[in-house]
Amino acid sequence: MADLFDSLDAPLPRRQDIAPGAALLRGFARDNEHDVLAAIDAVVARASFRHMMTPGGHTMSVAMTSCGTAGWVTDRRGYRYSPTDPDSAAPWPEMPAVLRDLAQRAATEAGFAGFDPDACLINRYVPGARMALHQDKDEADFSAPIVSLSLGLPATFQFGGMNRSDKPINYQLRHGDVLVWGGPSRLVYHGVLTLKDGEHPLLGRQRINLTFRKAL
Ligand code: MD3
Ligand code: FE
């Protein structure tokens, strides 16, 4: 049977392989965006966003919190995964099932069946916030991928190489996009350019990014 979209221009592909082991699943989280946002609200109600300090003494422009058995923290002592929230000394909130399931479905679609994340970092960008090029290498097991979910305002994501000096390729990440990074792409340098101002219908003047990891 003919479908409504047959007559329209082809949409952007739903899945784009951007490098070996790296897949962009556009709009993957749109189907249950309301449940996803409610789950994030529930986590943030128990573990607030906070601006952490880097070991070098700079306050990050991105505000962060975590859920799961481990959360990522940084302070003057360095970077690490911690089983407790340093602000409350309590364990991080449990990872909501709706979030874990989404990450597992995305990982499976990208070829990483069996992904079992124990940490979910939640980053909040307001206009002006950015994340400089870095590698994610505080996790114990690099054979597991990282799954990232973008919500709210669009951002320009920089995908670099194995050396900081490798020229990055820029990708636009929009509300509901999911990225899976594994295999040869797991340790590439990456970052997010300064968030531009805007107003998102569900999230207002902010972007939220979740990253699901096997940290321990
Ligand atoms: C590529 N977050 O939390 S997500 C981070 O949009 C982080 O908030 C960015 O980098 C953000 O560490 C980018 C996409 C991402 C996450 C982890 C990766 C890309 C990655 C790890 C390896 C390679
Ligand atoms: Fe990162």
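The values are calculated or read from the model by the stated rules, or taken from the named source; none is laboratory data. This one's a predicted model, so the numbers in the text were calculated from it and none came from an experiment. Virtual Cβ from ideal backbone geometry, glycine too; neighbours counted across all protein chains shown. Keep in mind that these areas ignore ligands, DNA and RNA; they rest on the heavy atoms of the full protein, side chains included. Shrake-Rupley method; radii C 1.70, N 1.55, O 1.52, S 1.80 Å.
Site pair Gln135 and Gln16 shows an inter-label distance of 2.6 nm when each label is modelled 7 Å from Cα along Cα→Cβ. Within the listed set Val62, Val98, Val73, the residue fluctuating most in the Gaussian network model of the chain (springs between alpha-carbon atoms under 10 angstrom) is Val98. Percentage of Cα-Cα pair distances in the chain greater than 27 Å, rounded to whole percent? Result for the distance tail: 28 percent. Compared with the direct C-alpha span, the chain from Leu202 to Ser48 gains 53.5 nm at full extension, assuming 0.36 nm per residue.
Using the 1.4 Å probe convention, the accessible area of the chain works out to 50 Å² per residue with neighbouring protein chains retained. Probe radius 1.4 Å, ligands and nucleic acids ignored: give me the carbon and sulfur share of the accessible area of the chain as a rounded percent. It is 54 percent, rounded to a whole number. Measuring nothing but how far apart in sequence close Cα pairs (under 8 Å, 6+ apart) lie, relative to its length, region 15-213 scores a relative contact order of 26 percent. Between Ala113 and Thr156, the FRET efficiency from the beta-carbon distance, with R0 = 30 Å, is close to 0.45. Net length available on complete extension from Arg76 to His34 is 11.4 nm, with 0.36 nm assigned per residue and the Cα-Cα distance removed.
Look at the dipole of region 15-213 built from charges on Cβ: of Leu133, Leu24, Met52, the Cα furthest out on the positive end belongs to Leu133.
For the chain, the longest principal axis of the alpha carbon atoms and the long axis of helix 33-46 meet at an angle near 10°.
Highest mean packing comes first when the peptides 39-48, 144-153 are listed by Cβ atoms within 10 Å, giving 144-153, 39-48.
Placing a pseudo-label 7 Å from each Cα along the Cα-to-Cβ vector at Asn170 and His58 gives an inter-label distance of 2.0 nm.
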